[in-house]
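I have placed the structure first, in the form of structure tokens, so that the comments after it can refer back to it.
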Amino acid sequence: MATFKDFRNNVKPNWCPGCGDFSVQAAIQRAAANVGLEPDNLAVISGIGCSGRISGYIKSYGFHGIHGRSLPIAQGVKMANRDLTVIASGGDGDGFAIGMGHTIHAIRRNIDITYIVMDNQIYGLTKGQTSPRSATGFKTKSTPEGSIEQAVSPMELALSAGATFVAQSFSTDLKDLTAIIEAGLNHKGFSFINVFSPCVTYNKINTYDWFKEHLTKLNTIEGYDSSNKELAMQTLMQHDSLVTGIIYQDTSRPSYQELVPGYAEEPLTKADLTLDQAHFDKLVAEFM
Amino acid sequence: MINQLSWKVGGQQGEGIESTGEIFCIALNRLGYYLYGYRHFSSRIKGGHTNNKIRVSTKETRAISDDLDILVAFDQETIDVNYHEMHDGSIIIADAKFKPVKPDDTEASLYVVPFTEIATDLGTSLMKNMVAIGATCAILGMEISVFSEVVEEIFGRKGEEIVKKNMDAIAAGYDYMKDELGEQLGAMKLEEADGQKRLFMIGNDAIALGAIAGGCRFMAAYPITPASEIMEYLIKKLPVLGGTVIQTEDEIAAATMAIGANYGGVRALTASAGPGLSLKMEAIGLAGITETPIVIVDTQRGGPSTGLPTKQEQSDLMAMIYGTHGEIPKIVMAPSTVEEAFYDTAEAFNLAEEYQCPVIVLSDLQLSLGKQTVQPLDYSKVEIRRGKLVDYDIPDTEGHAYFKRYEVTADGVSPRVIPGMKNGVHHVTGVEHDETGKPSESPLNRKAQMDKRMRKIENIRFNTPVYKNVPHAESDLLIVGFNSTRGAIEEAIERLEADGIKVNHAQIRLIHPFPTDEVLPLVQTAKKVVVIENNATGQLANILKMNVGHVNKISSILKYDGNPFLPHEIHTQCKELF
């Protein structure tokens, strides 16, 4: 049995000291060990940006792709090998700006992978521009007078896109974050986890203290029921989406893989690449 | 008796023009005739002129004919748009319903047949196409029974009565036309065909079938003309093999999902046309630097931007060779026949894994959509070769070090493991990286990795990089082309030879890396070289000049009006060179 230490490698992250992403890295390593994975049967597919480097900081198969495309790559990996556990990850720019189209469609497609967004509401690696998650009025190098756009609400979007697992966490709360990632890994279908992961260098508004002040834990709300979609949406709207915990989970809907007609139970990587001559002849005969 | 014939059916889109041609062709193909079809259509579903021009011949043919012998018209526009292709002795058969008018300046004869009325009397006007087929039969002096098998197959599931009604419609069309023709019955009687069993398919069918034969078990694609038939075929056929197709949200997702699937260890495909390829370019660069195999089909159409979505062009060549920023190893192949499209697509999957790089199978609209007679496909010629894919147990190393996925080797190709393999853990990144995939900006490492990647395709092994027909040790003219121009070039060459000009022919099947060793001797032994291509800037001519020199010897014949080359155009323009 692997422990979380087996998911560590000797690469020193290039994140700033105090970056929220360190906790996300640790939580993924712990959750992977806790659900019984080995480094050989985990693939972490990441996008571009500070957080996108995470696939290089976890001892597992890792694919650091192109900006905004971690989800289609991750879905392709899972389709090729359904026995592999696949995590896609990246930042809010990656998932909600350049890659927003993929996010919505991955949610509604419901392939069995886990998507972890490190949401810092700013573009960090390009040194401080606005993000689709930046609040209206937020001043950055690209919005010197303050952002005049509305921030997206990924949790609300996910619910309306037909998500089967929607959760949110905060990077200082390692225990809670680990538990949520474990729940995501165990969910049969697309699990979407947004993690508030403060940028200590460029975001002076949404700091650790700010989140501590504003976040509400769903398990402190009396009567909250994560299987009730209507309640989930209502709670998100009441709290301006500043909640942590499993917001919504639908365990009844089968994952994409379970619905694909004819899809092999064995990973496609083990498929026979040759055909019987008779099979080929039958295919050709249709053109006669 | 004639040994070839050109037949065209035209009308408004959505009127069943396509199925008329289809039934006519399948029946004749089964008799052993060679068919070659080209469809004129627009980017709309209902309305607008459409026609299907079909060449029927007793010998192999891969070109649209210069002229037209029989025109079946369901509207006046069909006559007005197409009569100029007709000659003395050509026959127009037109539906009485639209009161057809024969243009003054044609020597073709017009026969007015009440297609719609006859069909309606028999039950439904939908059968007017069948009446037209019957009328054609009379001109060809052909027994209508040759259609009974096809009609049975197509309408059988709707019941015997529908089958009978459709056969009755064919018979009624035949009988009406027989009386009209009088002594002209069987005016264009075709020589008997050889009765050999051959296929009748479009290039996209062959590409899709080639993918299956080549071990492809997953496809990610976005619908686009003229590539969609590839995904539509595979979604029907892959489930039997455990595989599937995902229609993605966009072209970028299609490319990156296919990259993910290939990285994951399955042979995966994506296919599109120019606009889609433009969007896939960054992903192609990712496959290049991460050394992930991927096969990408580009069915060229008129560009740029949306351009001419339903028209023939070959203007993606440079974009396919050089597209994506930065420099990567890439293989671009361009089959020139439907048969080659099958074998080359299957082989593309081998090359992608052997050289661990993107392989682009270039097609064009005429090749992808032109429905034609195809020689039997030989599955035993298809091999599966997976290159340096690790198929042994990887020993555990001290400290569980990362696997050297990007090990610098003599041939540049590194051992490849797929995720899930024990002790194979490594990192893959589009950032420049060291042998284990760890990001590195070291100048020495950069050079070593860049050289390693580019070295991979220096000595690529490809079975037939150039289709050659070189009867002359010294030629007056070397004609060079790629993709679907082959048929028109071949017919032009027959005529040029008859004019006393010695012509050699090279159709380039491996566009990149360019097969200079194969082509240079042909250029050296030619007095003149002409490159035939459907684009405005002579892209293949420029590639040729770059690789073989002889700049002053090489000229171009270009066509970029959306239509394929006709043999007479190539013949005439080549003659003008002398």
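Read-outs throughout are calculated quantities, based only on the coordinates presented, and are distinct from any laboratory measurement. Here the structure is a predicted model, which means the values were calculated and not measured. Neighbour counts run over all protein chains shown; Cβ positions are idealised from the backbone, glycine included.
Brief remarks on what is shown
- Taking a straight Cα-Cα cut-off under 20 Å and skipping sequence neighbours fewer than 8 places away in the same chain, the aspartates and glutamates within cross-link reach of residue A:141 are A:92, A:94, A:119, A:149.
- The Cα atoms of region A:1-94 cover 33, 29, 18 Å along the three principal axes, with the biggest extent listed first.
- Spread over its residues, the convex hull of the C-alpha atoms of region A:140-210 is 110 Å³ per residue.
- Per principal axis, descending, Cα span of region B:200-381 in whole Å: 42, 37, 28
- About the centre of its Cα atoms, the protein assembly as shown shows a dipole size close to 2660 debye [charges on the beta carbon of Lys, Arg (+1) and Asp, Glu (-1) only; nearest 20 debye].
- Residue B:404 paired with residue A:265, simple spin-label distance in nm, labels 7 Å along Cα-to-beta-carbon: 4.2 nm
- Antiparallel beta bridges, as assigned by DSSP with both residues in region B:200-381, represent about 15 percent of the total such bridges.
- Within region B:466-575, antiparallel bridges make up roughly 20 percent of the DSSP beta bridges whose residues both belong there.
- Counting other Cβ atoms within 10 Å as a rough exposure proxy, the listed residues B:7, A:210, A:15 run A:210, A:15, B:7 from fewest neighbours to most.
- Cα coordinate range in chain B, projected on the principal axes (Å, largest first): 91, 60, 40
- Spatially proximal lysines relative to residue B:575 (Cα-Cα < 20 Å; intrachain offsets below 8 disregarded): B:502, B:527, B:528, B:553, B:559
- Taking Cα atoms only, the orientation of helix A:21-34 departs from the longest principal axis of chain A by about 40 degrees.
- The modelled label-to-label distance between residue B:396 and residue B:44, using points 7 Å beyond Cα along the C-beta direction, is 7.0 nm.
- Peptide B:214-225 has a mean of 2 when you count, residue by residue, the C-beta atoms of other protein chains within 10 Å of its C-beta.
- Taking the fewest neighbouring Cβ atoms within 10 Å as the starting point, the ordered list for A:193, B:144 is B:144, A:193.
- Ratio Rg/Rh [Cα only; Rh per Kirkwood] for region B:375-462: 1.08
- Counted over chain B, the DSSP beta bridges are approximately 35% antiparallel.
- Taking only Cα atoms of region B:435-574, radius of gyration then Dmax in Å: 18.7, 64
- Packing around the peptides B:485-498, B:122-135, B:466-479, taken as the average count of other Cβ atoms within 10 Å per residue, puts them in this order, highest first: B:122-135, B:485-498, B:466-479.
- Modelled spin-label separation between residue A:35 and residue B:446, with each label point placed 7 Å from Cα along the Cα-to-Cβ direction: 3.9 nm.
- Amide H contacts of residue B:433 (H built 1.01 Å from N, under 5 Å, at least 5 apart or other chain): B:440
- Share of pairwise Cα separations in region B:4-184, more than 22 Å, in percent: 41 percent
- If you look at the Cα atoms of chain A, you get an Rg and a Dmax of 20.0, 72 Å.
- Relative contact order for region B:4-184, counting Cα pairs under 8 Å that sit 6 or more residues apart, in percent: 19 percent
- Under-17-angstrom lysine pairs by C-alpha in region B:4-184, whenever the two are 8 or more apart or on separate chains: 8
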